[in-house]
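Working notes, beginning with the structure itself.
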Amino acid sequence: LHVAASRGAWRDQATVENLRAILTAEVVPAEFSLRGIEAVVAAGSVSAAGEQAAGPVLRVQLHDWPAIRTAAAAQVDGEFVTAEVDAELDRQSARVRAEGRVSAALIARVLGRHTPRAATYFGFADPVAFEGEGVLGPGWRFARAGGRVDAGRIDSRGVQITAARGRIDLAGTDFLAHDARVEMTSSAARGSYWMDFATTDYRMLLRGRLRPDDINGWFRGNWWPAFWARYFD
């Protein structure tokens, strides 16, 4: 079955332009059933939640309905992203694996919209490369996500980072960056950084060489530079 449409919309929440789709299946008349159902879908663009994906391609396998397996690729904000999704529609749950690069502008928009308290800590100036996995629990509720990231320049509340990489785990509002390395011009450190997005509580465990004044933006008030000025040359 071949389907084509110049434009489509879903409840004013999403639109698709230049849609092309092919649905294949094996028909079994004796059992009044279909086997090996698979769909391949491509479009010029898809827009949803205020964002747009260019040239998305999607392959969906429905062999084990209501369990489905999908693979997708698209260009978002000029960067390419690929993903695989294994979903169970009856339980409304899924496991998502993805990799690619995310633009700094997209990260700023998403953080500003959903976690504004964290946005000031993650002011990326360069695209962020990543590979990771996320889990949606019953009812499509976010459960956890984790993966590795490699970022360039970051303005983290005035702390100017030139490069950062490591592993990130996110569960609820708990954010943990570990096995991480951060570089700031002539200084660098390894360690971990934990933060609760809901309360902005945080904990840093670092080893290396960081100039105290370089990370003053992570602390409130004047106690951090005052401490170093008073007790150290």
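The values are calculated or read from the model by the stated rules, or taken from the named source; none is laboratory data. All figures in this text were calculated on a predicted structure; none of them were measured in a lab. Every residue, glycine as well, gets a Cβ built from its backbone with ideal geometry; the counts of neighbours run over all protein chains shown. Note: accessible area is taken over every heavy atom of the protein model, side chains too, but ligands, DNA and RNA are not part of it. Shrake-Rupley method; radii C 1.70, N 1.55, O 1.52, S 1.80 Å.
A few points about this structure:
- Across the alpha-carbon set of the range 103-144, the Rg to Rh ratio works out to 1.05, Rh being the Kirkwood radius.
- Per-selection metrics, the range 135-204 (Cα): Rg and Dmax in Å: 13.7, 48
- Integer Hz, Karplus 6.51/-1.76/1.60 couplings in order for the range 76-93, x for Gly and Pro: 10, 6, x, 10, 8, 9, 10, 8, 10, 10, 10, 10, 10, 5, 5, 9, 6, 9
- Using θ = phi - 60° and Karplus 6.51 cos²θ - 1.76 cosθ + 1.60, couplings along the range 96-103 (whole Hz; Gly, Pro as x): 10, 10, 8, 7, x, 9, 10, 6
- Qualifying trypsin sites (Lys or Arg not before Pro) for the range 1-78 [loop in DSSP, other Cβ within 10 Å: at most 10]: Arg11
- Of the three principal axes defined by the Cα atoms of the range 170-212, the extents in descending order read 34, 20, 15 Å.
- Cα-based Kirkwood hydrodynamic radius, the range 56-175, one decimal, Å: 15.6 Å
- Relative to the Cα centre, the charge distribution of the chain, modelled as +1 at Lys and Arg Cβ and -1 at Asp and Glu Cβ, gives a dipole magnitude of about 640 debye.
- Vicinal HN-Hα couplings computed from phi for the range 220-227 (Karplus, 6.51 cos²θ - 1.76 cosθ + 1.60; Hz; Gly/Pro x): 8, x, 10, 5, 5, x, 5, 4
- Residue-averaged 222 nm ellipticity for the chain, from DSSP H runs of 4+ at -39500 (n - 2.57), nearest 500: -3000 deg cm²/dmol
- Within the set (i) 7, 24, 30, 19, 11, 6, 2, 1, 0; (ii) 6, 23, 26, 22, 14, 7, 2, 0; (iii) 8, 33, 38, 17, 4, 0, the number that P(r) over Cα pairs in 10 Å bins from 0, in percent takes when calculated for this structure is listed as (i).
- Annotation: peptides 202-208, 123-129, ranked by per-residue average of other Cβ atoms within 10 Å with the highest first, follow the order 123-129, 202-208.
- Within the range 154-187: backbone nitrogen closer than 12 Å to the Glu131 label point (7 Å, Cα to C-beta): none
- Chain lengthening between Thr115 and Glu38 when straightened (0.36 nm per residue, less Cα-Cα): 24.0 nm
- The angle separating the long axis of helix 104-114 from the principal Cα axis of greatest extent in the chain is about 90 degrees.
- Carbon/sulfur fraction of accessible area - the chain, other protein chains in place, 1.4 Å, %: 56 percent
- Residue ranges 99-107, 167-175 sort as 99-107, 167-175 when ordered by packing (mean number of other C-beta atoms within 10 Å per residue, highest first).
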